[in-house]
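Since the structure comes first, as structure tokens, the remarks are kept for the end.
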Amino acid sequence: MIQDIQPYFLDNHFDPKAALLPGSRIIIIRDDNYLLKEKSLEEGIVEFPQASDFAAGLSDADFAYIFTIGEDSFFLYVSDEDKDFEIPGYSYTRLNVIRGKELSPKHMVYAAFTAYHLNAWYSTSVYCGKCGTRNEIDRKERAMRCPCCGNVTYPRINPAVIIGVTDKENNKLILTKYNRGYANFALVAGFTEIGETMEETVEREVMEEVGLKVRNIRYYKSQPWGIASDILLGYFCDVDGDTTIHMDNLELKLAGWFSPEEIELQPTPYSLTNEMMGLFKEKGYEGTI
């Protein structure tokens, strides 16, 4: 999955003393476009610019330290000023290019996903949601603080579930395709609502998307998914009773039961969804217990 970057490790500890150095990696995101090295990307490599690549130099006030991976420290452009960053050999690349094919090194792809999560938070937290005053970046913790009313805003993380609905008797798994957005096969999925347990979310989402009751809900694994500001929790569960699918046509264009040999995996190994599909493809129902 995207977070499996061994031997590297994501150190996301907030460091208010972190300073831009010549070798610091710089992440600039504009309307879902990343500033990346063109030639490297043509070779399947994700390469962010370093601070030393910017001829005019960079202002510490425009950038926020976000995390370190291995030897590389990463800074994100957080100013809402529309500056024109141009570096010879670098150009803007859309997120769906990074998302849509397997690139290397994997820890840099993970950096792109995680930076996207933080960029979304910074860009929507410019003003205080309580009094409307312009927020300031807090210097003690990763937060935005209102200098007027003192309201503190922390990064938003959306809990969601990925659900492998299984038919034990026939050794099948439900696969879906969305009406819009992501075009490849997926699993039943959805966000947790206020007041719900994760298991209740599983039951509700399966009923809403494919009209089935489930039992024997069992946790599999979790995954941060920065491009949607999510923390995903994967579950397998067994269909309870009737296996007839009643698909939600507003959200899905396809939902069906698939045997292991019929499963078509996603084009990249990044997602929890793909790993769960791959587990069933390899081991069938036995791999889910």
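Determine whether segment 178-188 contains at least one residue that is part of a loop (DSSP other than H, G, I, E, B), surrounded by fewer than 17 Cβ atoms within 10 Å (Cβ to Cβ), basic (Lys, Arg) and modelled with pLDDT under 95.
Looking for residues that are part of a loop (DSSP other than H, G, I, E, B), surrounded by fewer than 17 Cβ atoms within 10 Å (Cβ to Cβ), basic (Lys, Arg) and modelled with pLDDT under 95, one finds at least one in segment 178-188, hence yes.
Looking at this structure, is residue 217 in a loop (DSSP other than H, G, I, E, B), more than 13 Å from residue 160 (Cα to Cα) and of a type outside the set (Ser, Thr, Tyr)? Can you show your working first?
Details: in a loop (DSSP other than H, G, I, E, B): no; more than 13 Å from residue 160 (Cα to Cα): yes; of a type outside the set (Ser, Thr, Tyr): yes.
Considered against the rule, which asks whether it is in a loop (DSSP other than H, G, I, E, B), more than 13 Å from residue 160 (Cα to Cα) and of a type outside the set (Ser, Thr, Tyr), residue 217 comes out as no.
Could you tell me which residue of segment 61-81 is farthest from the chain's Cα centre (by Cα), considering only residues that are more than 15 Å from residue 122 (Cβ to Cβ) and in a loop (DSSP other than H, G, I, E, B)? Before you say what the answer is, go through the steps one by one.
The initial filter retains those residues of segment 61-81 that are more than 15 Å from residue 122 (Cβ to Cβ), namely 68-73.
Filter once more, so that each one left must be in a loop (DSSP other than H, G, I, E, B): 70-71.
Numbers: 70: 20, 71: 23 Å.
Per the stated criteria, the residue is 71.
Given the condition crowded, with 20+ Cβ neighbours inside 10 Å, modelled with pLDDT of 95 or more, under 15 Å from residue 188 (Cβ atoms) and of a type outside the set (S, T, N, Q), answer yes or no: does some residue in segment 259-267 qualify? It would help to see each step written out before you state the result.
Going through segment 259-267, the residues crowded, with 20+ Cβ neighbours inside 10 Å turn out to be none.
Within segment 259-267, not a single residue is crowded, with 20+ Cβ neighbours inside 10 Å, modelled with pLDDT of 95 or more, under 15 Å from residue 188 (Cβ atoms) and of a type outside the set (S, T, N, Q).
Name every residue in segment 8-37 that is in contact (Cβ under 8 Å) with a residue 60 or more places away in the chain and assigned to a strand (DSSP E or B), in order of residue number. I'd like the intermediate steps shown before the answer.
Taking segment 8-37 first, the residues in contact (Cβ under 8 Å) with a residue 60 or more places away in the chain are 8-10, 12, 14, 16, 25, 27, 29-30, 32-34.
10, 25, 27, 29, 30, 33, 34, listed by residue number.
From the list 231, 227, which one is at pLDDT below 95 and not polar (S, T, N, Q)?
Numbers: 231 fails: at pLDDT below 95.
After applying the criteria, what remains is 227.
I need the full set of residues from segment 144-175 which are surrounded by fewer than 18 Cβ atoms within 10 Å (Cβ to Cβ), over 26 Å from residue 251 (Cα atoms) and of a type in the set (A, V, I, L, M, F, W, C), in order please.
Correct list: 148, 149, 152.
The conditions are (1) free of Cβ contacts under 8 Å to residues at least 40 places away in the same chain; (2) under 30 Å from residue 287 (Cα atoms); (3) surrounded by fewer than 14 Cβ atoms within 10 Å (Cβ to Cβ); (4) not aliphatic (A, V, I, L, M), and residue 203 fails exactly one of them. Which is it?
(3)
Please specify each residue of segment 38-53 satisfying the condition of being surrounded by fewer than 16 Cβ atoms within 10 Å (Cβ to Cβ) and part of a loop (DSSP other than H, G, I, E, B).
43, 44
The values are calculated or read from the model by the stated rules, or taken from the named source; none is laboratory data. Here the structure is a predicted model, which is why all the values come from computation and not from measurement. Every residue, glycine among them, receives a Cβ derived from its backbone with ideal geometry; neighbour counts consider all protein chains shown.
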